[in-house]
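The structure under discussion appears below in the form of structure tokens.
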Amino acid sequence: MERLKGIPASRGICVGPIFQFVRQKLVIDETAVEDPDAEINRLEKAIEKAKDQIERIYEKALGEASKADAEIFHAHKMILEDPELLASTKKKITDQKASAEFAMMQTAQEFADIMAAMSDEYFSARATDIMDVGSRVARILLGIAETPSANLEVQSVIAADDLTPSDTVLLDKSLVLGFCTARGSATSHTAILARGLGIPAVAGAGEELLNVEDGTKLIVDGTKGEVIVDPVPALEEEYLQRKKAAETIQAKAMEHANEPAVSKDGVQVEMVANIGNVEGAKSAIDNGAEGVGLLRTEFLYLERNSLPTEDEQYEAYRAILDVFGKMPVILRTLDVGGDKEIPYMGLEQEDNSFLGQRALRLCLVRPDIFKPQLRAALRAGVDRNLKIMFPMVATASEVRAAGQVLEECRQELKKEGVPHAVDIEIGIMVEIPSAALVADQLAKEVDFFSIGTNDLSQYTMAADRTNPKVSDLSDAFFPAVLRLVRDVIIAAHTEGKWVGMCGELSGEPLAAPILLGLGLDEFSMSPPMVPVIKQIIRNLSAGEMKGLAEEALELETPDEIKELVKEKVPFITDLIA
């Protein structure tokens, strides 16, 4: 028996035989072509055929997952329409007399390498999408069938070096128990699809995974990010029982999804969702979310060739706000920077982009980006419960500067006679330790805080959460992080302000008792976790959890804290399968 440690990519447990998925390798001749114009014509026809194939895959994904998940393939079509990618490919054909397939794959590899080198996990994961699209065009040019070479006959756990979104969708889901890959990340589109399909998945389990013989039994724990090879019968039975118990409790939680999260001693907390588009909004409502704790606005800026207009942003924000009616929606202003390459923005490359001019820092020096977004948000917020939140805040002066720009936008809209929201709450993300340490000062400047534990953890622990070598250090359960959370909540409550959390920790079952005990007012998470965390809160006493939180913060390691929660709140063990 062997345990392989990876990255949790999609919650859940599965047990079954491994099937090593090996994608057919493309053998491309580098021989020079005689007629570049004819080769460009071949390329253009192949691209059109690829778009048709992607549209069919989109329709298939739509029938199996949510529309939001299926939109991944519309993003693939946009890659094929990228003028820089097309120009670079055609230039290779013209200048180097390269074949269309060779030029396509070489260009795709160059673009993928740029993405893979980025420090931001989301963008580095897009390298697989670019190679997926490039390979699709090359296969068409070479006359190779698009269907994956996997000939599944029995229900299996699919293992691979990495899986493309196309691989994931085209596989027969009735025969797929789970996914595990040697490479990849929790933010890859394959991981997103796996979550949408409800299939357990572990990414980044290492090269050893590829040496496991076909048919060997595996346990995939997508919650812990662990793959167990050839488990002993007793361990296999233990995991199957955990899987059954979790499914039963989660089904019960869904039955009560629309009921409020009120603890046994009468403390009610707000349960909202993290979303990034209209489809995410609908999923949030379906899962009992009481609003939006984090509306990511980056979706409007990615995979396009120019800044979205004010009107485009207004239409998108209004459509989301309309889904929620009078429920609160917190819009986070643009959170991009030097590590998120958006060519048309002309962002300067930085040596350490995580600590560079990003998010609010960027917006404050780029009013051409910031003001249209704020104007659009104010317009969309009319007769809706809109709140605006600024990310990457380090000092009170930044908050005041952002507030001044917002007021300028209000005055402009008033002067123009354009309807806009007047009285809206303004908040900030607390994700930099400096913000947590001066939370008492910042609380005087804003209406609320939302703690982003993903960045707060990596900045506090000086550990890049995208680097597997130090991933254990970026755990939000470290006492240093939890003590900052405690201090932020105390500082806010002292000023009569409320505190939410939109980092991964808020959707973590083992964290719920601690966060309730610390006095967190709002939990924001991925929509599917809303009913589960609600169910946990209903079975806890806030008063008792205060004692648990105090005890937890005196411990030294995340493992000690998690074990304490399991000991004091044993029913949670069934929920973390």
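The values are calculated or read from the model by the stated rules, or taken from the named source; none is laboratory data. Since the structure is predicted, the reported quantities are computational estimates derived from the model, not experimental observations. Because the Cβ atoms are built from the backbone with ideal geometry, glycine has one as well, and the counts that use them run over all protein chains shown. Accessible surface is based on the protein model in full, side chains and every heavy atom, while ligands, DNA and RNA are left aside. Shrake-Rupley method; radii C 1.70, N 1.55, O 1.52, S 1.80 Å.
Restricting the first residue to the range 257-270 and requiring it to be in a loop (DSSP other than H, G, I, E, B), which pairs with a second residue that is open to solvent by 60 Å² or more (accessible area, probe 1.4 Å) meet a Cβ separation below 9 Å and a spacing of at least six or different chains?
Ala257/Asp286; Pro260/Gln268; Pro260/Glu270; Ser263/Asn539; Lys264/Asn539; Lys264/Glu544; Asp265/Glu544
Looking at Glu59, Glu55, Glu44, Glu30 in this structure, which one is assigned to a helix (DSSP H, G or I), at pLDDT below 85 and not hydrophobic (A, V, I, L, M, F, W, C)?
Glu59
Restricting to the range 209-240, and then to whatever is assigned to a loop (DSSP other than H, G, I, E, B) and aliphatic (A, V, I, L, M), can you tell me which residue is surrounded by the fewest Cβ atoms within 10 Å (Cβ to Cβ)?
Among residues in the range 209-240 that are assigned to a loop (DSSP other than H, G, I, E, B) and aliphatic (A, V, I, L, M), the one surrounded by the fewest Cβ atoms within 10 Å (Cβ to Cβ) is Val232.
For residues in the range 125-140 being in contact with a helix residue (DSSP H, G or I) (Cβ under 6 Å, 6 or more places away or on another chain) and open to solvent by 30 Å² or more (accessible area, probe 1.4 Å), which is modelled with the highest pLDDT?
Ile140
From (1) at pLDDT 90 or above; (2) among the hydroxyl-bearing types (Ser, Thr, Tyr); (3) open to solvent by 60 Å² or more (accessible area, probe 1.4 Å), pick out the condition that doesn't hold for Tyr122.
Among (1) at pLDDT 90 or above; (2) among the hydroxyl-bearing types (Ser, Thr, Tyr); (3) open to solvent by 60 Å² or more (accessible area, probe 1.4 Å), Tyr122 violates only (1).
Residue pairs, Cβ under 7 Å, 6 or more apart or interchain, first in the range 276-291 and touching a residue at least 12 places away in the same chain (Cβ under 8 Å), second assigned to a loop (DSSP other than H, G, I, E, B) and open to solvent by 20 Å² or more (accessible area, probe 1.4 Å). List them.
Listed pairs, sorted by first residue: Glu279/Ser66; Ser283/Ser66; Gly288/Asn258; Glu290/Met327; Gly291/Met327.
For the structure I just gave you, tell me whether Gly288 is open to solvent by 30 Å² or more (accessible area, probe 1.4 Å), assigned to a loop (DSSP other than H, G, I, E, B) and not polar (S, T, N, Q).
no
Scan the range 5-22 and give yes if some residue there is open to solvent by 70 Å² or more (accessible area, probe 1.4 Å) and farther than 30 Å from Asp472 by Cβ, otherwise no.
Yes, there is a match, as at least one residue in the range 5-22 is open to solvent by 70 Å² or more (accessible area, probe 1.4 Å) and farther than 30 Å from Asp472 by Cβ.
Across the range 534-558, what is the total count of residues that are polar (S, T, N, Q) and in contact with a strand residue (DSSP E or B) (Cβ under 7 Å, 6 or more places away or on another chain)?
Summing the residues that are polar (S, T, N, Q) and in contact with a strand residue (DSSP E or B) (Cβ under 7 Å, 6 or more places away or on another chain) in the range 534-558 gives 0.
What's the number of the only condition in (1) more than 17 Å from the chain's Cα centre (by Cα); (2) part of a helix (DSSP H, G or I) that Leu177 fails to meet?
Going through (1) more than 17 Å from the chain's Cα centre (by Cα); (2) part of a helix (DSSP H, G or I) one by one, Leu177 breaks only (2).
Every residue in the range 413-465 that is closer than 19 Å to Met501 by Cα and among the acidic types (Asp, Glu), please.
Glu425, Glu431, Asp440, Glu445, Asp447, Asp455
Kindly state which helices (runs of 4 or more DSSP H) lie completely within the range 453-545 and contain at least 2 residues that are of a type in the set (A, V, I, L, M), at pLDDT below 95 and closer than 26 Å to Val202 by Cα.
The helices (runs of 4 or more DSSP H) meeting that bar are 453-461, 530-538.
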